[in-house]
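Down below is the structure, laid out as structure tokens.
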Amino acid sequence: MVRRKKCSMPPPRHLRHRLVPALCCLALALGGCMIGPDFVRPDAPLADGWIESGDPGIDASRVDYADWWQVFDDPVLTRLIGTAYRQNLTLRMAGVRVLEARARLGLAIGELYPQQQALTAATTYNKIPLAVPYDLINDTFWQSALGAQAGWEVDLWGKIRRGVQSADDSFLASVAAYDDVLVTLLGDVASTYVQIRTLEKRLAIAHENVDRQRQALRIATNRWRGGVVSKRDVYQAENVLGATEAAIPAFAQELRQAKNALAVLLGVPPGEADALLEGGNGIPVAPAQAAVGIPAELLRRRPDIRQAELTAAAQSAQIGVAKADLLPAFRLVGNVATVSSDIGRGSLGDLFTGKSLAYTAGPTVQWNVLNYGQITNQVRVQDARLQELLIAYQNQVLEAQEEVENGLTVFLESQRQAQALQRSADAALGALTVAINEYKEGTADFTTVLTAEQNLFKAQDDLAQAQGAIPLGLIATYRALGGGWQIREGEPFVPQETRDEMAERTNWGTLLTPELLAPEAPGLPGLEDERPPVGLPEW
């Protein structure tokens, strides 16, 4: 799964004292080697094509789902998509996490420079105990000190660079996580919208059938009052009518809940979604054919797969970070200070003279040889975490294919189901019309009318659900294919009002500029098929 790079081991003990300065200079000049494994994307089980590729409703020759909601030609849905992208709060949180990861990358990069940097200054009043055998003119004196110190761990084995590499991959993983939240958001908005339109149609069907059944009740009541039939027909008519009327509050409840859920997705209070839904034309009509490409494109298009790969890459670098502790750490340390006091002939004014100057500088070596077992187990911990993430990546690829196949199955089979249910609903309406006419003429009993009424309501309701399942299947397919995140390209991850709020509270420097918050896919020469479609950060 990983490719390991060879790294030179330290020299024999009797040569180390001679070669420490040379090694430090060599590290400065060449940057040292990189200990630990270089990440290689693991092989993932990918099908050559979709199971339904031979179906006329599937076009596997092209990819067309960057703005997949446009295929429904529904301006209300398009408006809702735009509103959710601008206002959804979950997406904003994901954008802020990108900022956090970018700041953590800056922390890691800072480790490449002197890690210990400090300026110190002090003025103290001191009293020497009389019991101390010092021959001092005064047992009290003032002392001033001014100094600076710096320490730099030379990245001889690549520990710090592995840390930067890990933070870089984590930053890109946060970008992929943002894209995944965006894909989920757009899919949820579209699915909820279809559910709302489907419930509205089911509610309308219920009202239409209530009107029909009330008419049948009036006919039965008139025939009972005329002495033609018993009151049993009236009771049966009221029974069926009551059952149909009871479906209306249930549909209204589901509809209200769906609208409330849509409001949360749009980032508005419940109730405000109603105005945004005005102007719809019923259940969105899906095209007869879906453009899905091939399974291999999932590796580049689907954000959660990119996130899983980048998370594993970040963890791979952590192995090198842990493994570097097995080798000696070389540091360059320096201190410079001026110290003065008013003891004897001294003066505090001597602080800025040459005679008060003191400094130390030189290399140091630290090797945790007694912690070898503990460090080795820490390396094993990091390696086990990497293996877990590699398996999670492979499993993510499998689950992605499953979701695409499930979406395609719903899309295709719901079309066939809707065609059959349309014939069933048409026949049920015709049967009810004939049954009522025959009942009026006395050639059929009321049970035939009741059965026809129940069959019609069920057939029409089933048809509405099947008609809603068609776009839901296509939406699930496009979501599983990872479509929709492309709308954020060229746009910042955090809206302007949020950036203004954060800039007012904290100095973010240039990290809030659009250039750093809108990485694109530049395409690295020779690595177009190896790197995910997200750009490298500008440091």
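The values are calculated or read from the model by the stated rules, or taken from the named source; none is laboratory data. What you see is a predicted model, and the numbers here were worked out from it, not measured in a lab. Note that we place each Cβ from the backbone using ideal geometry, even for glycine, and neighbour counts take in every protein chain shown. Surface accessibility is based on the protein's heavy atoms, side chains included, excluding ligands, DNA and RNA. Shrake-Rupley method; radii C 1.70, N 1.55, O 1.52, S 1.80 Å.
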**Fill in**
With the charge dipole of the range 240-392 built from beta-carbon charges (+1 for Lys and Arg, -1 for Asp and Glu) about the Cα centre, the Cα from G354, P249, Q387 projecting farthest to the positive end belongs to G354
**Asked** Taking K and R as +1 and D and E as -1, what net charge do the other residues with C-beta under 14 Å from the C-beta of K201 add up to?
**Response** -3
**Message:** With +1 on the Cβ of every Lys and Arg and -1 on the Cβ of every Asp and Glu, and nothing else charged, how large is the dipole of the range 250-406 about its Cα centre, in debye rounded to the nearest 20?
**Reply:** 880 debye
**Message:** Quick check: the angle from helix 89-110's long axis to the longest principal axis of the chain, C-alpha only, nearest 10 degrees?
**Reply:** 20 degrees
**Asked** Which option, (1) 41.3; (2) 44.3; (3) 28.2, is the value of mean projected area of the Cα convex hull in nm² that was calculated from these coordinates?
**Response** (1)
**Asked** Helix 446-480: angle to the longest alpha-carbon principal axis of the chain, degrees 0 to 90, nearest 10?
**Response** 20 degrees
**Request:** Express in whole angstrom the spacing between the alpha-carbon centres of the range 324-358 and the range 418-488.
**Result:** 89 Å
**Surrounding net charge for T376, when Lys and Arg each add one and Asp and Glu each subtract one, Cβ distance under 12 Å** = 0
**Asked** What is the helix-to-structure angle for 372-441, meaning the angle in degrees between its Cα long axis and the longest Cα principal axis of the chain, kept from 0 to 90 and rounded to the nearest 10?
**Response** 10 degrees
**Message:** Which one, G484, A177, F39, projects farthest toward the positive side of the charge dipole computed for the chain from Cβ point charges (K/R +1, D/E -1)?
**Reply:** F39
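Remind me, relative contact order of the range 320-370 in percent, using alpha carbon pairs under 8 angstrom and six or more residues apart? If you can, show how the numbers build up before the last one.
Working: 66 pairs, mean separation 25.0, N = 51.
The value is 49 percent.
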**Request:** Could you give the size of the charge dipole of the chain about its Cα centre, using +1 on the Cβ of each K and R and -1 on the Cβ of each D and E, expressed in debye and rounded to the nearest 20?
**Result:** 1640 debye
**Message:** Under 28 Å between alpha carbons: how many lysine pairs meet that in the chain, if sequence neighbours fewer than 8 apart on the same chain are excluded?
**Reply:** 12
**Prompt:** Dipole size in debye (nearest 20) for the range 352-495 around its Cα centre, Lys and Arg Cβ +1, Asp and Glu Cβ -1?
**Reply:** 1060 debye
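Please give me the summed charge of the neighbours of P114: other residues whose Cβ is under 11 Å from its Cβ, Lys and Arg +1, Asp and Glu -1. It would help to have the intermediate numbers written out before the result.
Working: positive: R331; negative: E111, E153.
Taking every other residue near P114 into account, the sum is -1.
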**Prompt:** What accessible surface, in Å², does a 1.4 Å probe find on E438, ignoring ligands, DNA and RNA and rounding to the nearest 10?
**Reply:** 70 Å²
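Evaluate 2.2 N^0.38 Å with N set to the residue count of the range 162-290, then give the Cα radius of gyration divided by it. Could the numbers behind the result be given before it?
Values: Rg = 24.9 Å, N = 129, 2.2 N^0.38 = 13.9 Å.
Taking the Cα Rg and dividing by 2.2 N^0.38 Å, one obtains 1.78.
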